[in-house]
Amino acid sequence: MKQAKIILDKDYSISRIDNRLFGSFIEHLGRAVYGGIYEPGHPLADELGFRTDVMEAVKKLGVPIVRYPGGNFVSGFRWEDSVGPRETRPKRLDLAWFTTETNEVGLHEFARWADKAGAEMMYAINLGTRGPEQARDIVEYCNHKSGSLYSDMRIANGRKDPFNIKVWCLGNEMDGPWQMGQKTAYEYGRVANEAAKMMKWVDPTIELVACGSSSSEMPTFGDWELTMLNECYENIDYVSLHRYYANPTGDTPGFLARTMDMDDFIHSVGSICDAVKGRKHSKKQVYLSFDEWNVWYHSRQQDEEIWKREKWDRALPLLEDIYNFEDALLVGSMLITLLRNADRVKIACLAQLVNVIAPIMTRNGGGCWAQTIYYPFLHASCYGRGTALRAIAKSPVYDCADYEAVPVIDTAATLGDDGSVTVFCVNRDMEDACLLDLDLRAFGELQMTEHIVLHHDDVKAVNTEDCPDRVTPHQLPISKLEKGSGQVCLPALSWNVLRFGP
Ligand code: AHR
């Protein structure tokens, strides 16, 4: 059996983990809103039309922040369409996803949903077809108390207290040719800077996320960050990163190694932020918002076919990836990567939350179930809060098509505020279990309290409405620690949550 080792000490920490690392994303796209969180007429809908079964599944995940309303959708969106009496709200063609947006669910309705879910809203503004003026208007509408055109409009629309939205995205993926109103890095940096200034003049307490590259694979990646940050560095607080991975060739070891790229991506963007900081002799530290991350590829062909058949329908079933077991392992590794970079990444959003490349699926008029990727996210969100520990980890390594020396055991560890310790591990080995030596002596009298594992013999196994429990976590027997040391067996191809307490 292979062997790995992890040494932890409570004084060796990476950083406090910002709870917003466990954020998610709801876009007006496909059945995320209509048929996802909202389905009036469904037997389980509440008085507002929100599905209570979906709400329960979301609440379990403990998502603290939800990015809204897009995504690509936002780059052609007029926020005014989404407020005021529903019957007068316009239906618009959405050129991002070739559907019709009815605006039945708008800002006020979503805010109520987010409140019920216990999440704050992270609101993306349109810097594609619109600019700084509409950006300041919506901040005034949402966050100004009263006594001005837009704040009074909000009150007239039934919301006396400001929404007090704290985090705002300055557009979405503005480097992408698929985006309405795509910009060069310089054009974007200028407009983001002017929008940022005006938005913060309306409400100085807000935090702003500038668009980084839409992927590390964009030809302009790096240069985009450098150029746009040169224009807006002093007025923004975070740079966004987006990354989706795929396994079209069925190369599981190569697929599971993709977090090597995610880690590089985070370090590169952080370094560029620091280079701009140095060049500007600035004291300001810009952090990272990894506000779209996931696996995404299963549904691409299906989407092309849907669009061939029926463009412009409301709530087309787009981006409905059915996630398998190996996807859950990569999602686990992506969470591990985020935790290990908790000093730099302060916000992250699993893209997305319901039906659209999502951990939670629904059938219109039918059930709601958890996809495979639901579980690593659930565990990391529930047990990965507190302080990220700087683990000394030793693991066997392997080579694959794109990377050399990929650790077989991918790991991150956290110290909870209650003194509990959690170690998250993915065993990337297809064949062998791995014996993990644990050295937690620095914590004194700790004992293992739980070993949760997610494993399936078939990497392509999925959960469905009829078979929702095919890939679900289970408990393994716990190992005894002797004076803080012990050994745990990590099954081949598995996601593991090792929990320790006094
Ligand atoms: O999350 C789906 C889409 O992926 C988003 O709308 C866009 O920002 C990204 O390209």
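Please treat every number below as a calculation from the coordinates, not as lab data. Predicted, not measured: the structure shown is a model, and the values here were computed from it. So basically every Cβ, Gly included, is an ideal-geometry build from the backbone, and we count neighbours across all protein chains shown.
Which trypsin sites (Lys or Arg not before Pro) in region 1-76 pass both tests, a DSSP loop state and at most 16 other beta-carbon atoms within 10 Å? Display every interim value, and only then the final one.
Values: sites: 2, 5, 10, 16, 20, 31, 51, 59, 60, 67; in loops: 10, 31.
Sites meeting the loop and neighbour criteria: 10.
Compared with the dominant Cα axis of the chain, that is its longest principal axis, helix 325-340 is turned about 80°. Site-free segments of the chain were taken between GluC sites (Glu not before Pro) in DSSP loops having at most 13 other Cβ atoms within 10 Å, sites themselves excluded; the longest one is 218-403.
Which net charge results when you count Lys and Arg as +1 and Asp and Glu as -1 among the other residues whose beta-carbon is under 13 Å from that of residue 367?
Working: positive: 51, 363; negative: 39, 53, 56, 465, 466, 469.
Every neighbour counted, the sum reads -4.
Which of the chymotrypsin sites (Phe, Trp or Tyr not before Pro) found in region 64-129 are loop residues per DSSP with 16 or fewer other Cβ atoms within 10 Å of their Cβ? Show your work: numbers first, answer last.
Numbers: sites: 73, 77, 79, 97, 98, 110, 113, 123; in loops: 77, 97, 98.
Passing both the DSSP loop test and the Cβ count: 98.
Once both axes come from the Cα atoms, what is the angle between helix 223-232 and the longest principal axis of the chain, in degrees from 0 to 90, rounded to 10? Relative to the chain, helix 223-232 is tipped by roughly 50 degrees. Candidates 479, 435, 155 compared by Cα position along the dipole of the chain: farthest toward the positive end lies 155, with charges placed on Cβ.
Taking K and R as +1 and D and E as -1, what net charge do the other residues with C-beta under 11 Å from the C-beta of residue 117 add up to?
Charge balance near residue 117 sits at +1.
Shown for 483, 183: other C-beta atoms within 10 Å of each C-beta, ranked fewest to most, produce the order 483, 183.
Stretching residue 264 away from residue 116 to a fully extended chain increases their span by 49.6 nm, per 0.36 nm per residue minus the current alpha-carbon distance.
How fast does region 110-168 diffuse by Stokes-Einstein, in µm²/s, taking the Kirkwood radius from C-alpha pairs at 10 °C and 1.306 mPa s? My calculation gives 131 µm²/s for D.
Taking the Cα atoms of region 243-337, the ratio Rg/Rh between the radius of gyration and the Kirkwood radius comes to 1.13.
Add -39500 (n - 2.57) for each DSSP H run of 4 or more in the chain, then divide by its residues: what number comes out at 222 nm, to the nearest 500 deg cm²/dmol? Could you put the intermediate results ahead of the total?
Numbers: 11 runs with 132 residues, N = 502.
It comes out at -8000 deg cm²/dmol, rounded to the nearest 500.
How do 12, 398, 375 rank when sorted from fewest to most other Cβ atoms within 10 Å of their own Cβ? Walk me through the intermediate numbers first.
Numbers: 12 13, 398 17, 375 22.
Ascending number of Cβ neighbours within 10 Å: 12, 398, 375.
Projecting the Cα atoms of 74, 141, 297 onto the dipole axis of region 18-383, where Lys and Arg carry +1 and Asp and Glu carry -1 at the beta carbon, places 141 farthest toward the positive end. Taken one residue at a time, the phi angles of region 193-205 give Karplus couplings (6.51, -1.76, 1.60, θ = phi - 60°) of 5, 5, 5, 4, 4, 5, 5, 6, 5, 5, 9, x, 8 Hz. Gly and Pro are set to x. Inter-part distance, region 36-51 to region 146-223, computed on C-alpha centroids, equals 30 Å. For region 144-253, applying the loop criterion from DSSP together with a ceiling of 15 other beta carbons within 10 Å to the chymotrypsin sites (Phe, Trp or Tyr not before Pro) yields 178. Computed over the chain, relative contact order equals 20 percent, with contacts defined as Cα pairs under 8 Å that lie 6+ residues apart. Panel order for 255, 22, by other beta carbons found within 10 Å of each beta carbon, from fewest to most: 255, 22.
Run the dipole for the chain about the Cα centre, Lys and Arg Cβ at +1, Asp and Glu Cβ at -1, nothing else charged, and hand back the magnitude in debye, nearest 20. Each step should come with its number before you reach the end.
Numbers: 54 positive and 71 negative charges, 259 e Å.
Roughly 1240 debye, rounded to the nearest 20.
Computed from the alpha carbon positions, the gyration tensor of the chain leads to an equivalent ellipsoid with semi-axes of 37, 26, 22 Å, biggest first. Taking a sphere under 13 Å around the Cβ of residue 201 and counting the other residues whose Cβ falls inside, with K and R at +1 and D and E at -1, yields a net charge of -2. Quick check on my link table: of 166/346; 280/346; 183/280, which ones sit more than 19 Å apart, alpha carbon to alpha carbon? Going by Cα-Cα distance, 280/346; 183/280 fall outside the 19 Å limit.
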